[in-house]
Amino acid sequence: MLRKAIISAGLCLSLLLLWFAAYNYRQAGPIAEENLRGLALTLSAAIDRLAVHDPSLADLAKFRPPDIAYFAMIDRHGIYRFHSNPDLIGTSSGDDDLKRGFPGAAPTEERVTLGTGERAFQFTTPLYLPSETLVLRLTLHTYRADSVIRRARLNTALLLGMLGVVWVLIAVLLRSARREELMQREMTRQESLARLGVMGAMLAHEIRNPLAGIKGFAQVIEKRPAEPRNSGFAQSIVAEACRLENLVTELLCYASSEPPAKDAFDLGEVTNHVAAMLSDEALQLGVDVSIQAAQEVRVWGNRDRIEQVLLNLGKNALQAMPEGGTLRWSVGSSGKSAVASVEDSGAGIAGHDLPRVFEPFFTTKARGTGLGLALCRKIAEEHQGKIQLTSKPDEGTKVTLTLPLDRSGTVHGSGR
Amino acid sequence: MCKDRVIFFMLLTLCLNFLAAGSACAGFGFGGDNLGKSGLDFSKGYDVNTVTTVSGSVLTSPRTEENGNVFVDIKTGAGVVTLSVGKRSEWERKELQLRPNDQVSAKGSHAQGKDGKTYLMVQKLDNRSSGGQAVLRNERGGPAWMGVNSGGMTGSPGGGMMRGGGRMMR
């Protein structure tokens, strides 16, 4: 939440800075034009004064401020009466627009490209001399005035560059924080696993052995009860002892840190085997079972453990459909991974429970241990695979197990 | 994780690319075309409107820069002016020696580049120290290295000679 707020604030600030940079850049052009216009008006006034004081216009030849590219005075016939290049005085300006209509009182201005390739600012204004009216064409260099545009461009580029760098840094920091968070989560999980391991060992020693004795004696009593009603009690003791034994076994398995022995095997074949094991139970519950399995989806792992995962998933699916439904098994491959999925049409899992389903000891069943899915995830991760669960209440649940394919594995499609 | 890394590097590459583009822009907009950092057309450009004569002392020996053109800096009363004396081959053919501190006089079309320097596209150059002289363009700016009939002599715009205020931009 805090991270999202910081990113949103950063985005808002970036947008504000971008708007500021764009605004600043857009304002630079008109400011440069205004500077050039002011300069042109000042120079026009100076030229006007010189022309009034010296009707021969000879003094104008010495008037060469550095900002002027050239200037000229043209009469009604389009002849240069004065030009900063003296060779052109008396020649035709060749300006057809001027011949068609002498400009009015309002000066005009535009950016032009000179024959040299230079971009210049051209200012044209009527010049009212005592004897006649001429047109003053003043062309200015723009380098100094355009410094505003260059500075704005530089500032914009620097601002955008800095924004880019800041966002890259933010991305790096966020990524590091995310990795650290994941690492800490993993460390916490490993620590809890270690604690479970110690507890499991203790359970094995302190509970399992006495439990075996209790179970054995109860079985004896069940077969030869002193009183007929004791047979039922003994049955209950045996059933509860079996459940406790199962819990201890799962706990030991979950807490075990011993790496499983691995070999290549066909995931489709294991799935078929598990489906066959559960077929009687499915039949009793009125569940329709379908299998869609590709042939020879060979994975690298421990066959027994994967079978245990699929068995757990299958049992969970059947338990979710006490009044019948549909159970779909599918096995295939995607890229470098084998994918097995178990889909039921049962009661589904409530949205708020979904994030916790793989946590140890979390269960929604009255007599569940809460270790089944946790164990499935542990086994999947031991095989460099992953397990994902999607569910919608009253629609069903789909669990997908992804495992790395055996390097020599092949896939051929078939369905049943 | 691998996908994240690819996205991160793509993002980084984009940012670096953007920064590189930004740096180019930060160079006051130079270098965006094939005219070099001055933005002037030294090969064919000339404008009779801006023709002037400058005099001064040579600061540097001739050097070849933008698009094989030869340049010489001279110090005048109004500051440093860079003379553009045409293509290297044509300049060598003229056999006009210019050494630092030589007093020269040059006539040509002056222009201000995007780099802020003042250039003169020389039509005629006179080395008053050695007495040598070179005509590099015709009177209307047609460069000698573009052929005899180049420039305004035939009325074609080959020399880039401009009258009437240049090409309008808008």
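What follows draws every value from the coordinates through simple rules; no lab data is involved. The model shown is predicted, which means the values in this text are computed figures rather than measured ones. Cβ sites come from the backbone with ideal geometry, for glycine too, and all protein chains shown count toward neighbours.
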Among B:118-126, A:124-132, A:385-393, B:84-92, what's the highest-first ranking by average C-beta atoms within 10 angstrom per residue? B:118-126, B:84-92, A:385-393, A:124-132
May I ask you to derive the relative contact order of the stretch A:1-104, considering only C-alpha pairs under 8 Å and at least 6 residues apart, and to give it as an integer percent? 12
What nm distance separates the two modelled labels at A:ILE79 and A:HIS352, each placed 7 Å from Cα along Cα→Cβ? 10.0
Can you pull the mean other chain C-beta count within 10 Å for peptide A:120-133? 1
With the label point 7 Å along the Cα-to-beta-carbon line of A:ASP59 and a cut-off under 14 Å to each amide N, the hits in the stretch A:118-148 are A:130
Sum -39500 (n - 2.57) across every DSSP H segment of at least 4 residues in chain A, then divide by the residue count to get the 222 nm mean residue ellipticity, nearest 500. -17000 deg cm²/dmol
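Using DSSP to call loops (not H, G, I, E or B), can you name the trypsin sites (Lys or Arg not before Pro) in the stretch A:138-234 whose Cβ has at most 16 other Cβ atoms within 10 angstrom?
Answer in residue order: A:ARG144.
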For B:GLY132, enumerate residues with amide H under 5 Å from its amide H, sequence gap 5+ or separate chain, H modeled in the peptide plane. B:ASN127
For A:GLU186 and A:LYS315, extending 7 Å from Cα along the Cα-Cβ vector and measuring point to point gives, in nm, a value of 3.0
Taking square-rooted eigenvalues a ≥ b ≥ c of the alpha carbon gyration tensor, is the stretch A:263-404 rounded, prolate or oblate, where a/c under 1.5 means rounded and, failing that, a/b exceeding b/c means prolate? oblate
In sequence order, what are the phi-derived ³J(HN,Hα) couplings for the stretch A:275-285 according to the Karplus relation 6.51 cos²θ - 1.76 cosθ + 1.60 with θ = phi - 60°, rounded to whole Hz, with x for glycine and proline? 4, 5, 5, 8, 5, 5, 4, 4, 4, 5, 7
With a 10 Å cut-off between alpha carbons and a GNM built on chain A, which of A:ARG64, A:ARG356, A:ARG298 moves the most? A:ARG64
What residue among A:THR116, A:THR91, A:THR142 has the largest mean-square fluctuation in a Gaussian network model of chain A, using Cα springs under 10 Å? A:THR116
Per the Kirkwood formula on distinct C-alpha pairs, the Rh of the protein assembly as shown is how many angstrom? 33.0
Give me the distance between the Cα centres of the stretch B:69-148 and the stretch A:48-69, rounded to whole Å. 27
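About its Cα centre, what dipole magnitude does chain A give when the only charges are +1 on Lys and Arg Cβ and -1 on Asp and Glu Cβ, stated in debye to the nearest 20?
Details: 47 positive and 46 negative charges, 127 e Å.
Approximately 620 debye in magnitude.
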For the table A:LYS215/A:LYS262; B:LYS87/B:LYS114; A:LYS336/A:LYS378; A:LYS315/A:LYS386; B:LYS87/B:LYS107, the rows whose alpha-carbon distance is greater than 28 Å are A:LYS215/A:LYS262
Taking each residue in A:155-162, count the Cβ atoms of any other chain within 10 Å of its Cβ, then average. What number comes out? 4
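Going by how many other Cβ atoms sit within 10 Å of their own, how do A:TYR70, A:TYR25 line up, fewest first?
A:TYR25, A:TYR70
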Want the number for A:ASP288 to A:ARG407: 0.36 nm per residue separation, take away the alpha-carbon distance, what's left? 39.4 nm
With contacts defined as alpha carbon pairs under 8 Å and 6 or more residues apart, what's the relative contact order of the stretch B:48-159 in percent? 22
FRET efficiency for A:ASP394 and A:MET162, Cβ-Cβ distance as r, R0 = 60 Å, nearest 0.05? 0.65
Strictly greater than 24 Å: what percent of every Cα pair in the stretch A:149-255 meets that? 61
Could you pull out which residues in the stretch A:156-191 have an amide N less than 20 Å from a spot 7 Å beyond the Cα of A:PHE362, following the Cα-Cβ vector? A:181-191
